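Just below is one structure, and these are the notes that go with it.
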Amino acid sequence: RARETGGGTYRLFNRTLDEQVKRQFELDNDLRQAVARDELRLFAQAYVTPADGIVRGAEALVRWERDGALVSPGEFIPLAERNGAIVPISEWIVENAAKASSAMSDHLGFPVPISVNISAVEFRSTGLLSRLEGIRELYPLAAIEIEVTEGVFAGDMKTAGAYLKTIDEMGFPLAIDDFGTGYSSLSYLRDFPFSKLKIDRSFIVDMVERPRHRDIVAATVALAHHLGLVVTAEGVEDQAQNDLLKAMGVDYIQGYLFHKPAPIELFEDLIRRKRYEGQS
Ligand code: C2E
Ligand code: MG
Ligand code: MG
Ligand code: MG
C-alpha cells in the first residue's frame, strides 16, 4: 500500500527490485532441480603437447541448459555453492566424467585423463572422498584428475592438506588451477602433493607484449619443473604465445588455439584423430 502512494520513481525502483529478486529466486529454484531434470551438460576441452599438437587429455567443464540456452559455470557455480545445489551437481559431474574417461580408456586401450574442477566449497564438504572412492570401484579404468584453486587453503589449512593427501593416496593426481591468481603461496607447492600446475590465463593473455608477464611465466615453469610438477598453460589463443611457451618447456597447452570446449561425447573421436596424428 505504501508503494502505491509513493512517487513514480519509487514504484519503478521497487518493481525492478521485485523482478530481480524473483529472477534470482527462480534461478535458485531451477538450479536445485537441474540434475533431476537432466539439464546439466558435460563439456570437455582438450589439452595438447605443444611440439606436436597431440591430444593428451581433457578438462571437464560443466554447462547448464536452461530454457534452451547454455548458462556458464562462472554464473551458476557460485550460486550453487550458496544454495547447496553444488553437492548433487558435483556428484553428477564426477560420476559423468568418470564414466566418460572409463569408456574412452576401454575403447582406445590407453588411459584417457579427464580432469574435474572441485570448488573450495565442495572441497570442504563431506562426501567428496567417499564419492571418489565410489568411482574407483565403479570405474576402475577411469583416469580422473582433480583441479583445485588456492581457495581450498582459505580457512583450515591442516584439514585441506589432509584432504589433498588422501586424494593423492587414492590415486587421483592433483592439479593446482589458476595458479598465480588469488593467494599464491610457494608453501602450497612445497607442502602438498600436487603433480600439475596450471598457469592462469591472465598471465598468458598478454605475455607476448609484456615482458614482465612473460618472465613470471618462465619463472613459474622453471620452479614447477624443479619441484617435479608438469605445467599446463591455460587460455592459449595464438601462435606467438604457443611458440614462447614451447620454448619455455611448458608440458601442455590448453586454449582456443587448439581446441575449444565441446560436448564430451565428441572427445573420443577427437582423441582418435589427434592422438595418432604425426606419431606413426
Ligand atoms: P577453469 O577451471 O580455469 O577453466 C578454464 C576456463 O577457461 C573455461 O571456462 C574455458 O572454457 C576457458 N578457456 C579455455 N581456453 C580459453 C581460451 O583460449 N580463451 C579464453 N578466453 N577462455 C578459455 P568455463 O568453461 O566457462 O569455466 C569457467 C570456470 O568455471 C572454470 O575455470 C572453473 O573454475 C569453473 N568450472 C567449470 N566447470 C566446473 C565444474 O564442473 N565444477 C566446478 N566446481 N567448477 C567448474
Ligand atoms: Mg580448471
Ligand atoms: Mg583454470
Ligand atoms: Mg581459469
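Counted by neighbouring Cβ atoms within 10 Å, the residues M104, M170 run from fewest to most as M170, M104.
Rg then Dmax, both in Å and based on the Cα atoms of the range 78-144: 12.8, 41.
Applying both filters, DSSP loop and at most 14 other Cβ atoms within 10 Å, to the GluC sites (Glu not before Pro) of the range 140-210 gives E209. Rounded if a/c is under 1.5, else prolate if a/b beats b/c, else oblate: with a ≥ b ≥ c from the C-alpha gyration tensor eigenvalues square-rooted, which is the range 20-64? Judged from the Cα gyration tensor, the range 20-64 comes out prolate (a/c at least 1.5, a/b above b/c).
If R0 equals 41 Å, the separation of the Cβ atoms of D168 and L17 corresponds to a calculated FRET efficiency of about 0.30. For V71, nonlocal amide neighbours, meaning residues 5 or more places apart or on other chains whose placed amide H falls under 5 Å from its own, are W64, E65, R66.
The ranking of D28, D243 by Cβ neighbour count inside 10 Å, starting from the fewest, reads D243, D28. Once the chain from D206 to R32 is taken as fully extended at 0.36 nm per residue, the excess over their C-alpha distance is 58.8 nm.
Label point 7 Å out from E237 along Cα-to-Cβ: which residues of the range 44-82 have amide N under 12 Å? It comes to no residues whatsoever.
Note on the chain: the alpha carbon radius of gyration divided by the globular reference 2.2 N^0.38 Å gives 1.13.
Between the alpha-carbon centres of the range 174-232 and the range 45-113 there is a gap of 22 Å. Each label was represented as a point 7 Å from its Cα along the Cα-to-Cβ direction; for L266 and D215 these points are 4.1 nm apart. Taken about its Cα centre, the chain carries a charge dipole of about 400 debye when Lys and Arg each add +1 at the Cβ and Asp and Glu each add -1 at the Cβ. Helix 239-248 and the long axis of the chain differ in direction by around 50°, with both axes built from C-alpha atoms. The string of couplings for the range 63-68 from the Karplus curve (6.51, -1.76, 1.60, θ = phi - 60°) is 10, 10, 8, 10, 6, x Hz, one whole number per residue in order, with x for Gly and Pro.
Which of the three applies to the range 138-270, rounded, prolate or oblate, going by the alpha-carbon gyration tensor with a ≥ b ≥ c and a/c under 1.5 meaning rounded? Note, shape of the range 138-270 comes out oblate. Comparing D38, D18, D191 in a Gaussian network model of the chain, where Cα atoms under 10 Å apart are tied by springs, the biggest mean-square fluctuation is seen for D18. Structure remark: mean-square fluctuation, Gaussian network model of the chain, C-alpha springs under 10 Å; the largest value among S202, S130, S105 belongs to S130.
What range in the chain is the longest one free of chymotrypsin sites (Phe, Trp or Tyr not before Pro) that are in a loop by DSSP and have at most 14 other Cβ atoms within 10 angstrom? Here the longest run is 1-182. Fully extending the segment from L223 to K246 would add 6.7 nm, taking 0.36 nm per residue of separation and subtracting the current Cα-Cα distance.
Starting from the Cα gyration tensor of the range 227-268, take the square roots of the eigenvalues, sort them a ≥ b ≥ c, and report rounded, prolate or oblate (rounded when a/c is under 1.5, otherwise prolate if a/b is larger than b/c, else oblate). Note, shape of the range 227-268 comes out oblate. In the chain, the DSSP-assigned H stretches of four residues or longer account for a calculated mean residue ellipticity at 222 nm of -15500 deg cm²/dmol, using -39500 (n - 2.57) per stretch and the full residue count as denominator.
If you line up the long axis of helix 73-83 against the longest principal axis of the chain, both from Cα atoms, how many degrees apart are they, to the nearest 10? That works out to roughly 60 degrees. With the simple spin-label model, which puts each label point 7 Å out from Cα in the Cβ direction, the S184 to N83 separation comes to 3.5 nm. When exposed loop sites are taken as trypsin sites (Lys or Arg not before Pro) in a DSSP loop with at most 15 other Cβ atoms within 10 Å, the longest stretch of the chain clear of them is 38-280. In order along the range 122-137, phi translates into HN-Hα couplings of 5, 4, 7, 6, 6, x, 4, 5, 6, 4, 5, 4, x, 6, 4, 6 Hz, rounded to whole numbers, per the Karplus curve 6.51 cos²θ - 1.76 cosθ + 1.60 with θ = phi - 60° and x for Gly and Pro. At q = 0.12, 0.14, 0.20 Å⁻¹ the log10 of I(q)/I(0) for the range 44-164 amounts to -0.50, -0.67, -1.20, computed by Debye summation with a single uniform scatterer per C-alpha, solvent ignored.
Just so you know, all these numbers are worked out from the coordinates, no wet-lab data involved. None of these values were measured; they are calculated from a predicted model. When we count neighbours, we look across all protein chains shown, and the Cβ atoms used for this are built from the backbone with ideal geometry, even at glycine.
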